[in-house]
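A.B. asks: Below: one structure in structure tokens.
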Amino acid sequence: MTTQHTSQQYHKISIALHWVMLVLMIAVYACIELREFYPKGSEIREGFKTWHFMLGLTVLGLACCRLVFRGLYAAPAIRPTPAKWQIGTAHFVHAFLYLLMIGMPIGGWLMLSAAGKPIPFFGLTLPTLIQENKELAKTIKEIHATVGEIGYYVIALHAFAALFHHYIVKDNTLLRMMPKKIK
């Protein structure tokens, strides 16, 4: 059941989740990139990996919350209405972003499970999802890394499109997701 949305903005909780998740996604990517500066097996490298896993799982939980709010509250209309190809592209990019926010943490959880490693989550150890299988873990790791790389470009495209619509097209695309005080 989607509630009719008469506002020119997304629901305030959806807005908050969007920006919190941006910060979390930056942190997830930063952790996995920063680990490269430290030797394999070092405490700080392992710490970055642990934070990468925990923050990724946090993204998973918040993405599920976002989907609930997306189902409850319709997106406010873009004014003026963009071309159909732009709407189609936006839907494709958003679908990929949700795949990234949901699929990547699940993939990481599967990877750790298959590798026989603990799944850390802020002082808890989550249950494994599958039995240990080192070959499968390697395959999942390759897919995870590849999709993560593609994620850089799709996130950049998403940000570029929002800025393009705001500064060049001058529609309300970006304003719909901005907190009221910032506008």
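The values are calculated or read from the model by the stated rules, or taken from the named source; none is laboratory data. All figures in this text were calculated on a predicted structure; none of them were measured in a lab. Positions of Cβ are backbone-derived with ideal geometry, glycine not excepted, and every protein chain shown enters the neighbour counts.
A.B. asks: Determine if segment 56-75 includes at least one residue that is in contact (Cβ under 8 Å) with a residue 60 or more places away in the chain and closer than 29 Å to residue 136 by Cβ.
C.D. replies: For segment 56-75, residues in contact (Cβ under 8 Å) with a residue 60 or more places away in the chain and closer than 29 Å to residue 136 by Cβ: present.
Listed here are the residues, each with its yes/no results for (1) surrounded by fewer than 16 Cβ atoms within 10 Å (Cβ to Cβ); (2) more than 26 Å from residue 46 (Cα to Cα); (3) without any contact (Cβ under 8 Å) to a residue 12 or more places away in the chain.
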| position | (1), (2), (3) |
| --- | --- |
| 85 | yes, yes, yes |
| 95 | yes, yes, yes |
| 101 | no, no, no |
| 107 | no, no, no |
| 124 | yes, no, yes |
| 156 | yes, yes, yes |
| 161 | no, yes, no |
| 164 | yes, yes, yes |
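A.B. asks: Also, quick follow-up: If I ask for residues that are assigned to a helix (DSSP H, G or I) and aliphatic (A, V, I, L, M), which ones from segment 62-91 would you list?
C.D. replies: Answer for segment 62-91, where residues must be assigned to a helix (DSSP H, G or I) and aliphatic (A, V, I, L, M): 62, 63, 67, 68, 72, 87, 90.
A.B. asks: Further question: Looking only at segment 124-183, count every residue that is farther than 19 Å from residue 93 by Cβ and assigned to a helix (DSSP H, G or I) and tell me the total.
C.D. replies: 12
A.B. asks: Scan segment 46-83 for residues that are more than 30 Å from residue 124 (Cα to Cα) and loosely packed, with under 14 Cβ neighbours inside 10 Å and jot them down.
C.D. replies: The answer is 71, 77, 79, 80, 81, 83.
A.B. asks: Quick check on residue 53: is it touching a strand residue (DSSP E or B) at 6+ places or on another chain (Cβ under 8 Å) and either of a type outside the set (Ser, Thr, Tyr) or in a helix (DSSP H, G or I) (or both)?
C.D. replies: yes
A.B. asks: Additional query: Mind telling me which of the residues 29, 10, 73 ends up being in contact with a Lys or Arg (Cβ under 8 Å, 6 or more places away or on another chain) and among the hydroxyl-bearing types (Ser, Thr, Tyr)?
C.D. replies: Just a single option satisfies the conditions, and that option is 10.
A.B. asks: Residue 81: more than 20 Å from residue 154 (Cα to Cα) and modelled with pLDDT under 95, yes or no?
C.D. replies: yes
A.B. asks: Restricting to segment 133-154, name every residue that is over 23 Å from the mean Cα position of the chain (by Cα) and surrounded by fewer than 12 Cβ atoms within 10 Å (Cβ to Cβ).
C.D. replies: Correct list: 134, 135.
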